[in-house]
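Trainee: Mind having a look at this structure? Questions to follow.
Please treat every number below as a calculation from the coordinates, not as lab data. These figures come from a predicted structure and were not determined experimentally. With ideal geometry, Cβ positions are generated from the backbone for all residues, glycine too; neighbour counts draw on all protein chains shown.
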Amino acid sequence: MYDVLDSRSVLEVLRPVQDPELRKSLVELNMIRNVNIDNGKVSFTLVLTTPACPLREFIVEDCKKAVKKLPGVTEINVEVTAETPQQKNLPDATGTLRDRNGVPGVKNILAVSSGKGGVGKSTVAVNVAVALAQTGAKVGLLDADIYGPNDPTMLGLADAQIVVRSTEKGEVLEPAFNHGVKLVSMGFLIDKDQPVIWRGPMLNGVIRQFLYQVEWGELDYLIVDMPPGTGDAQLTLTQAVPMAGAVIVTTPQTVALLDARKGLRMFQQMNVPVLGIVENMSYFIPPDMPDKQYDIFGSGGGSKTATELGVPLLGCVPLEISTRVGGDSGVPIVVAEPNSASAKALKAIALTIAGKVSVAALTA
């Protein structure tokens, strides 16, 4: 027990308090800073590893309980900030780091992918990006679905005009911005009804342009909304940049799960960490009977597949009409109806993803 109230005694009583995910002392991780004592009033800064920390309130409460044990404490003020760690550059499938160049200013690049189309991958990607931005994180969204770019519509930017500037290093794109998220998409560069009829090398070129010739600025997370499958876009991304991880989206339906398994294995073969599976459209909630739910696409498939493949189930998102309405109107469900079941599920998934990325970056 300490008889003196000073910065040293505050740090010592906080030393046993651990980050619940890293399981290490907050003091040892340098997450406790700027300790100040003024007539019994104790203040300090808690520096989290992500603005989207899902256990933020628990950590703050644990800190306050520890400091209250000191004699003479009359008040405790905790300022909470965050410093998202930079993802380490992991070797590719060949065991080397060749050709993988990070995007300047971007700390973590995450792929949201699926083996099969129509499972709501873009809905998950857009809402996760917006949910992360709502926590205070700096977020970008790269729409890598070159043949079917839907993210501008879903983010309320269908009519946005992207700015292309000429610089000494060539043309640079300025991303569009809405709901706290920066967005680049092929949808900004073509007419509404214009099909993209390209072979692999051209697709490879535009994805690299979206990575390296866009003024992303400082980002905690760059979410890449992948096209379905395991083709050129996936290969280009995994070979071009060091990635913090991939999220696989599926429905509980057997045919969707079969394709999801292939997509998951592809990322693992490319030595990209798979953060987990999101089961979308898990069950249908009728708007006139909110207490009812129907397993339209089956049930338990995502959980079963996650267990079999040894990856986490990040969450289950119900099928609600309001989710579709939000996507069509350009107001994502986490903004339009934040208290809905699907919005709560998507927010929880975003926080879980952020936590896993921080743990991976600090323990790699």
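Trainee: Setting aside same-chain residues fewer than 8 positions from Lys41, which lysines have a Cα under 23 Å from its Cα?
Mentor: Lys64, Lys65, Lys68, Lys69
Trainee: Roughly how tilted is helix 56-67, in degrees to the nearest 10 and between 0 and 90, from the longest Cα axis of the chain?
Mentor: Result, in degrees: 10.
Trainee: Calculate the dipole size of region 7-82 relative to its Cα centre from +1 charges on Lys and Arg beta carbons and -1 charges on Asp and Glu beta carbons; express the result in debye to the nearest 20. Walk me through the numbers on the way to the answer.
Mentor: Numbers: 11 positive and 10 negative charges, 39 e Å.
So the dipole magnitude of region 7-82 works out to roughly 180 debye.
Trainee: What does the charge add up to near Lys344, with Lys and Arg as +1, Asp and Glu as -1, over the other residues with Cβ less than 14 Å from its Cβ?
Mentor: Values: positive: Lys347; negative: Glu320, Glu337.
In short, -1.
Trainee: What share of the DSSP beta bridges in region 136-268 is antiparallel, in percent to the nearest 5?
Mentor: 40
Trainee: Please list 3J(HN,Hα) in residue order for region 347-354, calculated via the Karplus relation 6.51 cos²θ - 1.76 cosθ + 1.60 where θ = phi - 60°; whole Hz, with x for glycine and proline.
Mentor: With coefficients 6.51, -1.76 and 1.60, one gets 5, 4, 5, 4, 5, 5, 4, 4 Hz.
Trainee: Also: What's the center-to-center distance, using Cα atoms, between region 285-364 and region 163-235 in Å?
Mentor: Between the Cα centres of region 285-364 and region 163-235 lies a distance of 26 Å.
Trainee: Each residue of region 28-42 in order: what ³J(HN,Hα) in whole Hz does its phi give by Karplus 6.51 cos²θ - 1.76 cosθ + 1.60, θ = phi - 60°, with x for Gly and Pro?
Mentor: Per residue, the Karplus-derived 3J(HN,Hα) values read 5, 7, 6, 9, 10, 9, 6, 5, 9, 10, 9, 6, x, 8, 9 Hz.
Trainee: Same structure, new question: For Val224, which sequence-distant residues (separation of 5 or more, or a different chain) have an amide H within less than 5 Å of its own amide H, given hydrogens modelled in the peptide plane?
Mentor: Counting only residues 5 or more places away or on other chains, the set is Leu110, Ala111, Val112, Leu142.
Trainee: What are the residues whose amide H is under 5 Å from the amide H of Phe177, where those residues sit 5 or more places off or on another chain and H is modelled from the backbone?
Mentor: Amide H to amide H, under 5 Å and 5 or more residues apart or across chains, Phe177 pairs with Leu183.
Trainee: Another question, if that's okay. Using only the alpha-carbon atoms, how far is helix 121-134 inclined from the longest principal axis of the chain? Give it as 0 to 90 degrees, nearest 10.
Mentor: Taking the Cα atoms of the chain, the angle to 121-134 is about 30 degrees.
Trainee: Run the dipole for region 153-229 about the Cα centre, Lys and Arg Cβ at +1, Asp and Glu Cβ at -1, nothing else charged, and hand back the magnitude in debye, nearest 20.
Mentor: Working: 6 positive and 10 negative charges, 50 e Å.
It works out to roughly 240 debye.
Trainee: Excluding Val163 itself, what net charge comes from residues whose Cβ is under 12 Å from its Cβ, given Lys and Arg +1 and Asp and Glu -1? It would help to have the intermediate numbers written out before the result.
Mentor: On the way: positive: Arg165; negative: Glu171, Glu174, Glu215.
Computed value for this residue: -2.
Trainee: For Met289, Met154, what ranking results if the residue with the fewest other Cβ atoms within 10 Å of its Cβ goes first? Could you put the intermediate results ahead of the total?
Mentor: Numbers: Met289 9, Met154 25.
Neighbour counts put them in this order, fewest first: Met289, Met154.
Trainee: Now for a separate question. Work out from phi, with θ = phi - 60° and the Karplus expression 6.51 cos²θ - 1.76 cosθ + 1.60, the ³J(HN,Hα) of each residue of region 244-258, listed in order in whole Hz, and give x for Gly and Pro.
Mentor: 6, x, 10, 10, 9, 9, 8, 10, x, 5, 4, 5, 5, 5, 4
Trainee: Run lengths n ≥ 4 of DSSP H only: what is the helix-derived mean residue ellipticity at 222 nm for the chain, with -39500 (n - 2.57) per run over all residues, to the nearest 500? Could you put the intermediate results ahead of the total?
Mentor: Working: 11 runs with 121 residues, N = 364.
That calculation yields -10000 deg cm²/dmol at 222 nm.
Trainee: Where does each of Tyr212, Tyr221 land when they are ranked from fewest to most other beta-carbon atoms within 10 angstrom?
Mentor: Details: Tyr212 17, Tyr221 29.
Arranged by neighbour count, lowest to highest, Tyr212, Tyr221 become Tyr212, Tyr221.
Trainee: Where nothing but the Cβ of Lys and Arg (+1) and of Asp and Glu (-1) is charged, how large is the charge dipole of the chain around its Cα centre, in debye to the nearest 20?
Mentor: Values: 33 positive and 38 negative charges, 175 e Å.
Its charge dipole is roughly 840 debye.
Trainee: To continue, here is another question. Between Val80 and Leu313, what length comes free when the chain is fully extended (0.36 nm per residue of separation minus the Cα-Cα distance, one decimal in nm)?
Mentor: Numbers: separation 233, 0.36 × 233 = 83.88 nm, distance 2.90 nm.
My answer for the length gained is 81.0 nm.
Trainee: Specify which residue in the list Gly118, Val317, Asn101 is farthest towards the positive end of the charge dipole of the chain, using unit charges on the beta carbon of Lys, Arg (+1) and Asp, Glu (-1), about the Cα centre.
Mentor: Going by the charge dipole, the pick is Asn101.
Trainee: Just report the Cα centroid separation between region 55-90 and region 249-280, whole Å.
Mentor: If we compute the Cα centre of each part, the gap is 36 Å.
Trainee: Also, I was wondering about something else. If each residue's Cβ is checked for other Cβ atoms within 10 Å, how do Thr74, Thr251 rank with the fewest at the top? Before the final figure, lay out the partial values.
Mentor: Values: Thr74 10, Thr251 26.
Fewest-to-most Cβ neighbours within 10 Å comes out as Thr74, Thr251.
Trainee: Using a cut-off of 12 Å between beta-carbons, work out the net charge of the residues near Gly117 (Lys and Arg +1, Asp and Glu -1, Gly117 not included).
Mentor: So the environment of Gly117 carries a net charge of 0.
Trainee: Rounded, prolate or oblate, given the Cα gyration tensor of region 249-364, with a/c below 1.5 counting as rounded?
Mentor: Values: a/c = 2.25, a/b = 1.43, b/c = 1.57.
Here region 249-364 falls in the oblate category.
Trainee: Report the relative contact order of the chain, percent, no decimals, based on alpha-carbon pairs under 8 angstrom and at least 6 residues apart. Kindly include the intermediate steps, with their values, before the conclusion.
Mentor: Working: 761 pairs, mean separation 72.3, N = 364.
Here the relative contact order equals 20 percent.
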